[in-house]
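Below: one structure, written as structure tokens.
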Amino acid sequence: MSEKLKRLLDKGRKSLAQKQYEAAGALFEEAVTLDARAHAGWFGLGEVALAIGQQDTAVQFLEEAVKLQPDAVKYLQRLGELYGRIGHAESGVEVLLAARRKAPKDAGVLANLSGAYVAAGNWYKAREVLQELVRLPKPKAAHFCLLGLAAQSIGELDDAMKALKRATRMEPHYPDAWLSLGHLYLEKKHLPEAEECVEHLFKLVPQQLSTLELAGDLAMEKGNSGEAANFFQSAVAQAEDSAALQGKLALALVLSGDVLRTVDAMTRAHELGVPESWILEQLGFIFTKRHQLDVAQENLEMSLERNPDNLNVMNTLFVVYSKQGKSGQARQMADRILEKDPNHINALVNLGSWYSEQARMEEAIATYRRVLELNPRMVAAYANCMWSLVHSSEHGAADILEAARAYDINICQPHQRPRDFSGRDADPERRLKIGWLTSDMREHPVAAFVVPFLTHFDRRQVEIFFYHHTLSEDKVTGIVKSQADRWREVQGLGDDALADLIAADEIDILVDLNGNTEGHRLPALARKPAPIQVTWLGFPGTSGMSTMDYIFIPPDPLLEKGGWCAEQPWPLPDCYGVRTGIPDVPIQPGLPSERPGRPFTFACLNNFRKASQLAIRLWSKILLQVPESRLVLVGRGGKDEAFRSYVESQFAQYGITPERLDIKGMMPVNVYFDCYNEVDLCLDPFPFNGGTTGYDSIWMGVPFITWPGDSLVSRMGRIILKNVGLDELVVDSADAYVELAVSLANDPGRLKKLRANLHERMQDSPLMDAPRMAKSLEQAFRGMWRRWLEHRATGIQGPE
């Protein structure tokens with residue numbers, strides 16, 4: 001290189017550094033005129049062109065520099081970055097891969113390569129490169145922030161969380177890290193943590209548009225629509241032409257009841273291109289979440305009128321109709337969705353639930369299995385499939401266990417991680433920390449079995465922790481809170497965070513009260529946050545989980561043998577649960593059928609979904625052998641013509657005419673209990689016996705006949721009857737079930753004896769002895785704890 005060329009290049013670089021772009025351009029141009037092979041001159045011209053916004057020209061200069069000096073990492077890096085900027089993502093990746101081959105540990109090259117992959121839409125590759133980048137010495141907070149965004153984009157939210165947290169620790173004053181972390185917390189419904197991120201952003205960049213928008217999104221999620229509207233209004237002031245912000249503002253104003261501002265915001269959002277159908281869709285979804293179903297229906301139907309092809313609106317309407325008991329309309333909506341998209345996962349899951357509500361369990365199971373073929377990691381499909389299996393008379397305990405173990409293998413086991421409990425105090429008699437994990441401490445059957453014994457625990461023996469994961473609260477929630485030593489609201493925590501919280505609380509025995517039911521947190525239990533884990537009440541069957549140690553059962557020799565569950569059965573001494581506080585509805589004396597003009601009345605007041613095909617057949621046989629008798633049934637769609645027609649058709653195939661059936665919808669509590677005053681004899685469904693309903697029936701002085709099966713769910717009726725001295729109503733075959741029902745219908749004297757003082761017998765039985773249940777649980781917990789200590793001392797794994 002000549003001295004003149006060297007001086008020109010040095011002066012050009014100096015001018016470029018001082019942002020004297022015209023002078024720098026002239027010097028670099030003179031350099032390449034002097035020597036067309038002066039690659040540094042072409043590179044300098046490219047930098048100048050970039051600085052003044054002439055990207056297309058810059059590409060030509062940089063390409064010439066790379067052509068002349070293909071081994072120059074700096075040239076390759078700059079050209080690859082520029083390709084990404086102008087939309088040539090694939091070319092950018094190719095050039096930057098060449099740069100990485102020459103400088104595999106160059107942080108700048110790796111950062112640009114990850115950006116090129118993002119521009120190409122390949123977040124997986126971007127994450128791989130960023131993982132390399134953060135392993136280099138002295139990584140930057142920005143690198144971890146990018147890694148978090150990449151992980152979030154491919155759905156690996158726990159990894160994203162770790163990376164973004166690392167970024168905030170490395171650089172606490174880095175707004176982008178707090179913003180990204182806040183969005184992630186909001187996505188995972190970790191609202192307290194999201195709020196903390198917003199607080200940091202208001203300290204760092206309080207007027208930044210992204211800060212205001214995140215604050216508004218958080219306020220909306222918390223139900224503070226007025227506060228959200230204020231944030232969105234401030235954001236809109238900075239970006240008046242943002243359709244997305246105007247749409248959010250309109251939604252917030254609707255929910256806050258500000259009618260005048262709502263009209264203005266909606267009008268403006270519509271002018272900017274936000275479809276009215278979208279606004280109505282969002283409102284419908286919000287009201288569905290709030291269980292305001294009539295308002296949700298109105299908004300969703302208006303949205304669908306404006307956009308008839310919106311499958312998401314159809315699916316939400318399907319859910320709304322189902323919850324309203326509008327069975328026919330729900331099914332029509334499902335058919336519309338699946339006609340357009342036969343593999344619509346959410347619609348198929350909801351269709352399975354629709355079949356289940358109608359006791360069409362084989363169709364429900366087939367639908368859920370189809371979903372799992374399409375998506376083996378669809379958690380709801382596993383839970384719903386197991387729920388249908390326990391209702392089906394065509395499947396047994398082995399089928400239920402197989403499905404539960406598949407859930408464990410595909411969903412839970414990938415999240416298992418070892419925990420070290422060696423530091424736990426090994427005193428066998430010390431006060432134990434008992435954790436109760438549930439979403440149902442509210443007006444719910446599970447709470448009805450828990451509330452009675454809470455006040456009777458010996459607090460010298462046990463310390464009570466509740467981990468409650470739902471936003472729904474009522475007076476029952478308040479009662480449970482008052483009895484808890486520690487109450488944790490965990491609906492905003494992810495599975496890792498929840499498991500870590502339980503472990504940090506040093507819970508000795510964790511009792512899962514959900515099982516495979518709506519709102520469960522079984523993946524958190526897969527992380528084994530407590531040394532001993534027990535399942536009880538919510539799902540009357542096995543969890544299938546290898547990390548679940550025990551399952552509480554009633555005293556029953558068949559159940560105690562195991563084989564039907566993945567856990568070790570732990571029998572409670574008297575019964576499966578206790579009830580108190582049942583509504584005191586007056587019981588009318590005598591048999592209802594002895595009243596003038598009244599036929600003999602059988603009833604199954606469980607939800608109709610418990611009416612298995614075999615149960616329908618046997619109930620029909622009973623009705624045929626007891627002339628003029630009738631059967632009372634209850635279903636969510638009891639008032640819906642399509643539902644009633646289906647139920648009637650199921651009995652018609654066995655010769656039962658519609659007038660023999662009294663099909664009721666869901667009723668207020670007192671009306672439901674008063675129904676028992678119209679019933680002579682109840683018929684326990686099978687294989688899913690009545691649990692709560694079995695207690696209710698005995699409370700109201702109405703006995704029932706039960707036929708036990710081979711699993712927990714099918715042996716509930718047996719233990720209820722044994723506790724009130726009605727063992728003779730427990731039969732061992734289908735024929736015996738029919739024969740006993742017919743015999744009792746024809747022997748009013750015997751039936752009266754069975755009904756005599758039944759209410760009082762229940763009051764005096766273990767079924768309502770809350771102190772006794774509390775003592776039984778304390779003894780069970782102490783026994784589990786001693787066994788765990790013995791096994792720890794000898795190195796035995798698990799409860800065996």
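The values are calculated or read from the model by the stated rules, or taken from the named source; none is laboratory data. Since the structure is predicted, the reported quantities are computational estimates derived from the model, not experimental observations. All Cβ positions, even for glycine, are placed from backbone atoms using ideal geometry, and neighbour counts span all protein chains on display. Ligands, DNA and RNA are excluded from the accessible area calculation, which covers all protein heavy atoms including side chains. Shrake-Rupley method; radii C 1.70, N 1.55, O 1.52, S 1.80 Å.
Quick notes
- Beyond 32 Å in Cα-Cα separation lie the following of the pairs 6/138; 610/752; 323/433; 165/528; 14/102; 102/140: 6/138; 323/433.
- The smallest convex shape that holds all Cα atoms of the range 367-486, its convex hull, gives 178 Å³ per residue.
- Taking amide H as placed 1.01 Å from N in the peptide plane, the amide H of residue 462 sits under 5 Å from that of 432, each at least 5 places away or on another chain.
- Per-residue [θ]222 nm for the chain (sum of -39500 (n - 2.57) over DSSP H runs n ≥ 4, rounded to 500): -18000 deg cm²/dmol
- Taking every alpha-carbon pair within the range 671-800, the share separated by more than 16 Å comes to 68 percent.
- Computed over the Cα atoms of the range 562-617, the ratio of the radius of gyration to the Kirkwood radius (Rg/Rh) comes to 1.12.
- Contact order for the range 68-122, expressed relative to its length and based on alpha carbon pairs under 8 Å spaced 6+ residues apart, stands at 37 percent.
- Counting charges near residue 58 (Lys, Arg +1; Asp, Glu -1) among other residues having Cβ under 12 Å from its Cβ returns a value of -3.
- Anchor residue 189: aspartates and glutamates whose Cα lies under 15 Å away (excluding residues fewer than 8 positions away in-chain): 158, 217, 221, 489, 495, 496
- Order of exposure, largest accessible area first, which applies to 153, 620 with probe 1.4 Å: 153, 620
- Between helix 21-34 and the chain: long-axis angle, C-alpha atoms, 0 to 90°, nearest 10: 60
- Counting only protein heavy atoms and a 1.4 Å probe, the range 331-397 has 40 square angstrom of accessible area per residue.
- Degrees between helix 327-340 axis and first principal axis of the chain (Cα, 0 to 90, nearest 10): 30
- The Cα trace of the range 113-233 gives Rg and Dmax of 14.8, 47 Å, the first to one decimal, the second as a whole number.
- Of the trypsin sites (Lys or Arg not before Pro) found in the range 508-573, the ones in coil according to DSSP and having at most 11 other Cβ atoms within 10 Å of their Cβ are 561.
- Potential lengthening between residue 305 and residue 598 on full extension [0.36 nm per residue; Cα-Cα distance subtracted]: 100.6 nm
- Taking Lys and Arg as +1 and Asp and Glu as -1, the other residues whose beta-carbon sits under 13 Å from that of residue 700 total -3.
- Applying both filters, DSSP loop and at most 15 other Cβ atoms within 10 Å, to the trypsin sites (Lys or Arg not before Pro) of the range 284-365 gives 290.
- Note that the chain shows a convex hull volume over its alpha carbon atoms of 194 Å³ per residue.
- Seen against the Cα atoms of the chain and their longest principal axis, helix 770-794 is set at about 50 degrees.
- Environment charge at residue 742 (Cβ cut-off 14 Å; Lys +1, Arg +1, Asp -1, Glu -1): -3
- Inter-label distance, residue 504 to residue 173: 2.8 nm, where each label sits 7 Å from its Cα along the C-beta direction.
- When both the range 623-674 and the range 117-152 are represented by their alpha-carbon centers, they are found 61 Å apart.
- Treating each Cα of the range 297-445 as an identical point scatterer and summing with the Debye formula, the log10 of I(q)/I(0) at q = 0.09, 0.12 Å⁻¹ comes to -0.42, -0.67.
- Within the range 91-161, the proportion of C-alpha pairs whose separation exceeds 21 Å stands at 19%.
- Taking the protein heavy atoms of the chain in the context of the full set of protein chains, the accessible area attributed to carbon and sulfur is 50 percent at 1.4 Å.
- Annotation: per residue accessible area for the range 158-238 equals 46 Å², rounded to a whole number [probe 1.4 Å, protein chains only].
- Radius, Kirkwood style, for the range 600-668 when every pair of distinct Cα atoms is counted (Å): 11.9
- Probe 1.4 Å, accessible area per residue of the range 241-315, Å²: 50
- Computed over the range 444-571, Kirkwood Rh from alpha-carbon pairs, angstrom: 15.4
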